[in-house]
Ligand SMILES: NC(=O)c1ccc[n+]([C@@H]2O[C@H](COP(=O)([O-])OP(=O)(O)OC[C@H]3O[C@@H](n4cnc5c(N)ncnc54)[C@H](OP(=O)(O)O)[C@@H]3O)[C@@H](O)[C@H]2O)c1
């Protein structure tokens, strides 16, 4: 499968280029950067720290779309909106990993998805998406007799708590139970808390060292407990998911898909 | 419904006596103990910490089968072949909770299932059986690019390894990948073992304490790790699950059934 990487010189772009080059059945068929980028004309492989691939970094996204089976986009919101338009126009599926899209940019992606298959996900990690899907399913299945708690740990530099992924897991659990997270979230416990309120979804936050990110969802009832855990080890974790999405997209009808669709988690 | 208990004087056996007596619609038809053991002739209820129920612990499993709609067997592995031959002979349904038996007993179970309804139930906890569903899903989504390991802890008195529960976990991992556990299981690591062969399912065994047990399936990828874990702290859950299985299996045609079928998780 021929894959194009827009924004191939960014931090995400370089990781994607390496992952695609190493994956069986996949081939890097082009890379772009913004006009005026100092990377233009350099070898796509070499600039990502690989052996040269014999393809120069270009600035013509349209030409890139013409040359590939699927495009992977981890760039900036305005660029992603434009790329979605090109994907629709040229019938080339797109994987959109860019976050922070404004309403009009998101609408551009959704409009494009009426004409071409697009996978969009704020977090492409296979493991995190698996956790999100199974948390919702388990919360629905196990019912209210199980107390749900979400524990996360991240490196000492992280400034917000709970992490975005922890909150997403909380929303998945709440959805499984058919409630709104805001109505049941217990984000802080300190002092005389009283007994745990039935139906609460509790959060606990740990910070320290260089932990890349760990999340545990706990379902606890009398005398037994189930835990589902995800531990990120490297920052390349999203690339494996993007690759799976690329292979999955082959031949899919137009539509806006999530990583849960890609992983078959319904 | 008349329920008889093989091994009624054991840790789980005594809990079973109490559970059957306490469950509406169930009637205790008797219990057996090890022939020649100290419990033979003692009141089944009394030895389980209840008021006398007017039934003496017997050493005649055939007679108890004849007097029962279903047998719950939590005796010990050396008795399994005999118990299965009797099930085939009498057609009496059995919930087989005994674990740790060998290939000959396994063959006897499979043969008995032609003439009697047998629930093969190496772990009767509903949570544990839901865990197996999760493990199989996770294993299927992640595939063998993620190294799968099973870590298992059980109480100090368990005299064999891996336990039936551990094998269930490892089988769920193998089933998710569509492989046969016997072909990929790696049970012992000691000394210079060389790098981990791809595709194996490794098992590590921990023993200690009196009651608590836990299972953890670990899926370790290059960039992320997914784990699912289960802990239980009260064997009463096994008795509850076994009685649920007994009620479920009465009236079912001869065949081998699993606890996942009993709980509607298959
Ligand atoms: N399926 C599950 O969920 C689950 C859960 C826990 C345990 N287990 C399994 O269930 C079995 C029992 O566990 P446990 O913890 O209750 O063990 P246990 O306390 O040793 O109980 C076994 C009982 O069976 C008796 N027994 C031995 N041979 C017998 C025979 N031929 N006929 C009738 N009774 C006989 C033993 O008597 P003596 O003491 O006189 O030998 C003992 O009272 C084990 O195989 C264990 O691995 C299964």
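Observations on the structure shown:
- Paramagnetic reach from residue A:99 in segment A:227-266 [backbone N under 19 Å; point 7 Å along Cα→Cβ]: A:230-243, A:245, A:257-261
- Chain B: relative contact order as a whole-number percent, Cα under 8 Å and 6+ apart: 20 percent
- Ellipsoid semi-axes in whole angstrom, largest first, where each is sqrt(5λ) of the Cα gyration tensor of the protein assembly as shown: 54, 24, 20
- Between 0 and 90°, nearest 10: helix B:236-249 axis offset from chain B longest Cα axis: 70 degrees
- When A:155, B:83 are sorted by how many other C-beta atoms sit within 10 angstrom of their C-beta, beginning with the fewest, the order is A:155, B:83.
- FRET efficiency estimate (nearest 0.05) - Cβ-Cβ, residue A:222 to residue A:122, R0 51 angstrom: 0.90
- Theoretical ellipticity at 222 nm over chain A - DSSP helices of four or more residues, -39500 (n - 2.57) apiece, nearest 500: -11000 deg cm²/dmol
- CD proxy at 222 nm, helix term only [per DSSP H run n ≥ 4: -39500 (n - 2.57); per residue of chain B; nearest 500]: -10500 deg cm²/dmol
- 20 °C / 1.002 mPa s Stokes-Einstein diffusion coefficient of segment B:1-158, Kirkwood radius on C-alpha pairs, µm²/s: 127 µm²/s
- Shielding by partners - mean other protein chain Cβ count within 10 Å, residues of B:3-10: 0
- Percent of beta bridges antiparallel (DSSP, chain A, rounded to nearest 5): 35 percent
- Ranking of A:207, A:244 by count of other Cβ atoms within 10 Å, fewest first: A:207, A:244
- Spin-label zone in segment B:116-158 - amide nitrogen under 20 Å from a point set 7 Å from the Cα of residue B:1 along the C-beta vector: B:116-130
- Summary of the geometry: segment B:63-82 and segment B:178-218, compared by the centres of their Cα atoms, lie 32 Å apart.
- Inter-chain Cβ neighbour count for B:212-220, averaged per residue, equals 2 (cutoff 10 Å, partner chain atoms only).
- Separation of segment A:15-41 from segment B:124-157 is 38 Å, based on Cα centroids.
- Looking at the protein assembly as shown, the DSSP beta bridges with both ends there are about 40 percent antiparallel.
- A simple spin-label model places pseudo-atoms 7 Å from Cα toward Cβ; at residue B:256 and residue B:103 they are separated by 1.4 nm.
- Residue B:190-residue A:46 pseudo-label distance in nm [points 7 Å out on the Cα-to-Cβ vector]: 5.6 nm
- Taken as Cα centroids, segment A:218-238 and segment B:246-266 sit 31 Å apart, rounded to the nearest whole angstrom.
- Alpha-carbon spread of segment A:126-231, three principal axes, descending order, Å: 38, 36, 27
- Taking the Kirkwood radius as Rh and the Cα radius of gyration as Rg, chain B has a ratio of Rg/Rh equal to 1.00.
- Taking 1.567 mPa s as the viscosity and 4 °C as the temperature, the Stokes-Einstein diffusion coefficient of segment A:169-223 based on its alpha-carbon Kirkwood radius rounds to 99 µm²/s.
- Pairs of alpha carbons in chain A whose separation is greater than 26 Å (percent): 47 percent
- With 0.36 nm allotted per residue and the present C-alpha distance subtracted, the residue B:220-residue B:67 stretch has 49.9 nm of extension available.
- The mean number of partner chain beta-carbon atoms within 10 angstrom of a residue's beta-carbon across peptide A:209-218 is 1.
- Nearest 10 degrees, 0 to 90: helix B:164-177 Cα axis against chain B principal axis: 50 degrees
- DSSP beta bridge pairing in segment B:126-231, given as percent antiparallel to the nearest 5: 60 percent
- Ranked B:219, B:263, B:6, criterion: other C-beta atoms within 10 Å, fewest first: B:263, B:219, B:6
- Kirkwood hydrodynamic radius (C-alpha pairs) into Stokes-Einstein, segment B:126-231, 4 °C and 1.567 mPa s, D in µm²/s: 92 µm²/s
Every number here is computed from the coordinates shown, using simple stated rules; none is lab data. Since the model is a prediction, treat every value here as computed from it, not as a measurement. Virtual Cβ from ideal backbone geometry, glycine too; neighbours counted across all protein chains shown.
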